[in-house]
Amino acid sequence: MAKEDSIIRKLLRKPSVAISVGIIVLTCLVAVFAYLLIPDRTPYANRMIVELGARPPGFSKKLLLIPKSVSLQAESNWASWLGGTPSPYKAIPVNSYAFSGNELTVYHYIDEGMLDTLTYPLKELLLAEQQHLTPAQQQAYIEKHQLQTYTFHLGTDRYGRDILSRLVIGARVSISVGIVAVVLSLTIGIVLGSIAGYYGGVIDNMVMWVINILWAIPTLLLVFAITLTIGKGFWEIFIAIGLTMWVSAARLIRGQVMVLKEMEYITAAKALGLNDMRIIFRHILPNIAGPIMVIAAGNFATAILIEAGLSFLGIGVQPPQPSWGLMIKEHYNFLLTNRPFLAIIPGIAIMLLVYAFNILGNALRDVLDVRGE
């Protein structure tokens, strides 16, 4: 425990590492509690208001919430926390409004300088449970609950969706792909690298043959091949990335095991009759935890970049689920217009998170004094 505390103190002593750890922790917390934090809590933050497409950060507009004709089933708190809550309302942007008897007249905002006058009976604007109210109470209810001013702090995308909400939900994809890819790649890499390094001979030659073949194939092309085999989707892309990243882990672990198996305490363990699996997993692997942590941080950053690239190319996470790479793909043509922030904002998010993991990996290497093979 004292050694772990010393490592943590050494890591956090550098401001750049402390900032990087802060970025990683903040991103993880935001990803976990995404639907509790974002303004648009619909599934995937996919509420489209086409009249408000490509608006700048800080844009505000009053919205009239009109009940949808299709009734929605109530979501449990657990389901809402994980996947959001479908909204029973359709949002209409308005410039101004006026009540007249049992009707509401609004000036529907279409575009700058373009308005349309719409009139709604009050009962059409209320859900069934509010229709028993008196006309005065109906007006008060609509004005309080269904005529609300929304501020889009990071603006809206080309479909009028809140960029901040989709950016936060997209953090779930980046963190999830990192976790799944790291767990999968390290599991395969540890098993094959340990066996190859410990036993050597034919087993080592076979594992290294597979590693060398996979190493010769560009990572992106290998992911393409696996994705075309198992399909496109949320979990499929995570598995595809993880299956391409184990070779570097296996190669490093093989080298470390080959060194440690010649140590005296391993020779003593063999003399005591301990079986090979116990020696590998109880006596060798704990002593190479440092290199494994370093390669895990590096693989996390690489997985985020690969997922963003695949989503940009259209074979990663599929719409309407937000992904930072997909957000860049949908808006990269705006870089040449007066709305470049639509592609720059998710790009900055990718850059910061990858930077944080790279800095953390470098710091772990220095603190743990990890050496190559």
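The values are calculated or read from the model by the stated rules, or taken from the named source; none is laboratory data. Everything quoted here is computed from the prediction, not taken from an experiment. All Cβ positions, glycine included, derive from the backbone under ideal geometry; neighbour counts span all protein chains shown.
For ILE92, state whether it is touching a helix residue (DSSP H, G or I) at 6+ places or on another chain (Cβ under 6 Å) and either part of a strand (DSSP E or B) or among the hydrophobic types (A, V, I, L, M, F, W, C) (or both). When the stated conditions are applied, ILE92 does not pass them.
Does ILE179 satisfy the criteria of being over 21 Å from ALA45 (Cα atoms) and modelled with pLDDT under 90?
In short, no.
Taking the conditions (1) modelled with pLDDT of 85 or more; (2) among the hydrophobic types (A, V, I, L, M, F, W, C); (3) not in a helix (DSSP H, G or I) in turn, ILE315 satisfies each one other than (1).
Within region 253-265, if we keep just the residues that are out of contact with any helix residue (DSSP H, G or I) (no Cβ under 6 Å at 6 or more places or on another chain) and assigned to a helix (DSSP H, G or I), the residue that is surrounded by the fewest Cβ atoms within 10 Å (Cβ to Cβ) turns out to be GLU264. Taking the criterion of being farther than 21 Å from GLN318 by Cα, surrounded by 15 or more Cβ atoms within 10 Å (Cβ to Cβ) and of a type in the set (Phe, Trp, Tyr), the only residue of region 208-250 that qualifies is TRP246. Please go through region 274-287 and give me each residue that is in a helix (DSSP H, G or I) and surrounded by 13 or more Cβ atoms within 10 Å (Cβ to Cβ), ordered by number. Of everything in region 274-287, those that are in a helix (DSSP H, G or I) and surrounded by 13 or more Cβ atoms within 10 Å (Cβ to Cβ) turn out to be ASP276, ILE279, ILE280, PHE281, HIS283, ILE284, LEU285, ASN287.
A quick yes/no check of all residues on (1) in the same structural domain as ALA136 (by TED's automatic domain parsing); (2) touching a strand residue (DSSP E or B) at 6+ places or on another chain (Cβ under 8 Å); (3) acidic (Asp, Glu):
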position: LEU36; (1), (2), (3): no, no, no
position: GLY53; (1), (2), (3): yes, yes, no
position: ALA79; (1), (2), (3): yes, no, no
position: ALA91; (1), (2), (3): yes, yes, no
position: ASN102; (1), (2), (3): yes, yes, no
position: TYR107; (1), (2), (3): yes, yes, no
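If you check PRO322 against the conditions, is it out of contact with any Asp or Glu (no Cβ under 6 Å at 6 or more places or on another chain), of a type outside the set (Ser, Thr, Tyr) and either buried (at least 21 other Cβ atoms within 10 Å of the Cβ) or not assigned by TED's automatic domain parsing to the domain that holds VAL354 (or both)? Judged against the criteria, PRO322 is a match. Annotation: of all residues in region 96-119 being acidic (Asp, Glu) and in contact with a helix residue (DSSP H, G or I) (Cβ under 9 Å, 6 or more places away or on another chain), the one that is modelled with the lowest pLDDT is ASP111. A Cβ distance below 9 Å, combined with a sequence gap of six or more or placement on separate chains, defines the contacts here; from region 64-83, residues that are more than 19 Å from ILE142 (Cβ to Cβ) reach residues that are modelled with pLDDT under 70 in the pairs GLY83/GLU75. Among the residues of region 174-183, some residue qualifies, meaning at least one is under 22 Å from LEU335 (Cβ atoms), in a helix (DSSP H, G or I) and assigned by TED's automatic domain parsing to the domain that holds PRO346.
All conditions in (1) in contact (Cβ under 8 Å) with a residue 40 or more places away in the chain; (2) among the hydrophobic types (A, V, I, L, M, F, W, C); (3) surrounded by fewer than 14 Cβ atoms within 10 Å (Cβ to Cβ) hold for ALA271, with the sole exception of (1).
Within region 139-162, the set of residues being of a type outside the set (S, T, N, Q) and in a helix (DSSP H, G or I) comprises ALA140, TYR141, ILE142, GLU143, LYS144, HIS145.
Restricting PRO88, PRO93, PRO57 to those that are at pLDDT 90 or above and exposed (fewer than 15 other Cβ atoms within 10 Å of the Cβ) reduces the list to PRO57. Here region 50-66 is the region considered, the condition is being at negative phi and outside any strand (DSSP E or B), and the residue that is nearest to the chain's Cα centre (by Cα) is PRO57. Evaluated against (1) crowded, with 16+ Cβ neighbours inside 10 Å; (2) without any contact (Cβ under 8 Å) to a residue 60 or more places away in the chain, ASN46 falls short on exactly one condition, (2). For GLU129, the stated conditions do not hold, so it cannot be described as under 30 Å from ARG55 (Cα atoms) and free of Cβ contacts under 8 Å to residues at least 60 places away in the same chain.
Note on region 318-340: residues that are free of Cβ contacts under 8 Å to residues at least 24 places away in the same chain, part of a helix (DSSP H, G or I) and within 12 Å of ARG158 (Cβ to Cβ) total 3. For the condition aliphatic (A, V, I, L, M), farther than 30 Å from GLN256 by Cβ, surrounded by 15 or more Cβ atoms within 10 Å (Cβ to Cβ) and over 16 Å from the mean Cα position of the chain (by Cα), LEU192 does not qualify. Taking every residue in region 286-314 that is in the same structural domain as LEU186 (by TED's automatic domain parsing) and pairing it with any residue that is among the basic types (Lys, Arg) and at pLDDT 90 or above, at least 6 positions away or on another chain, the pairs with Cβ-Cβ distances below 7 Å are SER311/LYS329; PHE312/LYS329; GLY314/LYS329.
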